[in-house]
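Encoded as structure tokens, the structure appears first; notes follow it.
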Amino acid sequence: MRAGSGFLCGLLASLAAAASLCAEPPTDSLYQLPAQLTTQQGVRAGLDIDRGHPTVISMFYGSCPAACPMLITAIQVYEAQLDESSRNRLRVLMVSFDAARDTPSQLANVAKLHRTDPGRWTFANAADSDARKIAALLGISYRRLPDGDYDHSLIITLLDGEGRVVASTTTLVGDEQFAAKLRAATRPATPGGPSTAPR
């Protein structure tokens with residue numbers, strides 16, 4: 001009977017999680033933005049591709065010579081501070097504002113170069129109009145230079161499973177407050193608390 005009850009509770013929890021993913025995101029969620037992304041696999045997706053998981057999101061461009069590689073490494077360092085189970089709950093979404101050059105194959109090359117976890121990291125591009133809307137929500141500024149490179153800010157933002165901003169940092173190394181919020185956001189859900197859904 002206990003085994004049957006456990007199965008039923010698990011089934012109900014799964015159904016509740018699925019129902020929450022079908023519901024409209026909260027009004028303060030970044031997932032309210034109907035942006036269109038194309039991932040490194042060539043898959044079309046919305047900004048809510050990782051809904052149900054705590055997600056680190058930032059913006060970059062693949063041919064960036066220094067700042068963007070530092071940004072990706074910084075996120076890897078922050079996630080490396082998590083224990084394995086917490087890290088498995090975390091997702092990372094890197095959105096390129098250089099869609100013309102950051103094709104799916106180029107994004108896949110960037111992912112491979114940095115040895116990111118393909119099950120948890122998504123590299124995607126967005127058309128300029130959508131990229132600028134995403135950047136505005138994240139507080140990121142960028143502009144194309146005459147030589148084709150970009151001048152841009154570096155901001156790492158942490159979202160909860162519903163796309164609400166939990167924390168953000170411009171400190172690539174050693175922001176202990178951001179690291180603490182990342183640890184808290186990736187802890188297992190408590191009974192009766194918000195649940196996460198596997199991808």
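The values are calculated or read from the model by the stated rules, or taken from the named source; none is laboratory data. What you are looking at is a predicted structure, and each value in this text was computed from that prediction instead of being measured. Every residue, glycine among them, receives a Cβ derived from its backbone with ideal geometry; neighbour counts consider all protein chains shown.
Out of the residues in the stretch 64-81 that are part of a loop (DSSP other than H, G, I, E, B) and surrounded by fewer than 18 Cβ atoms within 10 Å (Cβ to Cβ), which is nearest to the chain's Cα centre (by Cα)? Reasoning before the result, please.
Restricting attention to the stretch 64-81, the residues satisfying the condition of being part of a loop (DSSP other than H, G, I, E, B) are 64-66, 81.
Those still in the list that are surrounded by fewer than 18 Cβ atoms within 10 Å (Cβ to Cβ) too: 65-66, 81.
Numbers: 65: 22, 66: 21, 81: 17 Å.
The qualifying residue nearest to the chain's Cα centre (by Cα) is 81.
Which of the residues belonging to the stretch 82-109 are within 17 Å of the chain's Cα centre (by Cα), outside any helix (DSSP H, G or I) and surrounded by fewer than 20 Cβ atoms within 10 Å (Cβ to Cβ)?
The one that is within 17 Å of the chain's Cα centre (by Cα), outside any helix (DSSP H, G or I) and surrounded by fewer than 20 Cβ atoms within 10 Å (Cβ to Cβ): 82.
Filter the strands (runs of 3 or more DSSP E) completely within the stretch 110-162 down to those with at least 2 residues that are in contact with a strand residue (DSSP E or B) (Cβ under 6 Å, 6 or more places away or on another chain) and crowded, with 16+ Cβ neighbours inside 10 Å.
Details: elements: 121-126, 142-144, 150-152, 156-159.
By residue number, 121-126, 150-152, 156-159.
Condition check ((1) in contact (Cβ under 8 Å) with a residue 24 or more places away in the chain; (2) touching a helix residue (DSSP H, G or I) at 6+ places or on another chain (Cβ under 9 Å)) across all residues:
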{"residue": "124", "(1), (2)": "yes, yes"}
{"residue": "139", "(1), (2)": "yes, no"}
{"residue": "152", "(1), (2)": "yes, yes"}
{"residue": "156", "(1), (2)": "yes, yes"}
{"residue": "160", "(1), (2)": "yes, yes"}
{"residue": "171", "(1), (2)": "no, yes"}
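Taking interchain pairs and intrachain pairs at least six residues apart, which have beta carbon atoms under 6 angstrom, with the first residue in the stretch 72-95 and more than 19 Å from residue 187 (Cβ to Cβ) and the second part of a helix (DSSP H, G or I) and hydrophobic (A, V, I, L, M, F, W, C)?
Listed by first residue and then by second, the contacts come to 95/134.
Mind checking which pairs have a first residue in the stretch 179-194 that is outside any helix (DSSP H, G or I) and a second that is modelled with pLDDT of 95 or more, Cβ under 6 Å, 6 or more apart or different chains?
If the second residue must be modelled with pLDDT of 95 or more, the pairs left are 186/54; 186/82; 186/86; 186/89; 186/90.
Regarding residue 165, is this residue of a type in the set (Val, Ile, Thr) and closer than 17 Å to residue 51 by Cβ?
Details: of a type in the set (Val, Ile, Thr): yes; closer than 17 Å to residue 51 by Cβ: yes.
Taking the combined requirement at face value, the residue satisfies it.
Using the structure shown, decide if residue 187 is on the phi > 0 side of the Ramachandran plot and basic (Lys, Arg). Quick ask: steps written out before the conclusion?
Working: on the phi > 0 side of the Ramachandran plot: no; basic (Lys, Arg): yes.
Against the criterion (on the phi > 0 side of the Ramachandran plot and basic (Lys, Arg)), residue 187 does not qualify.
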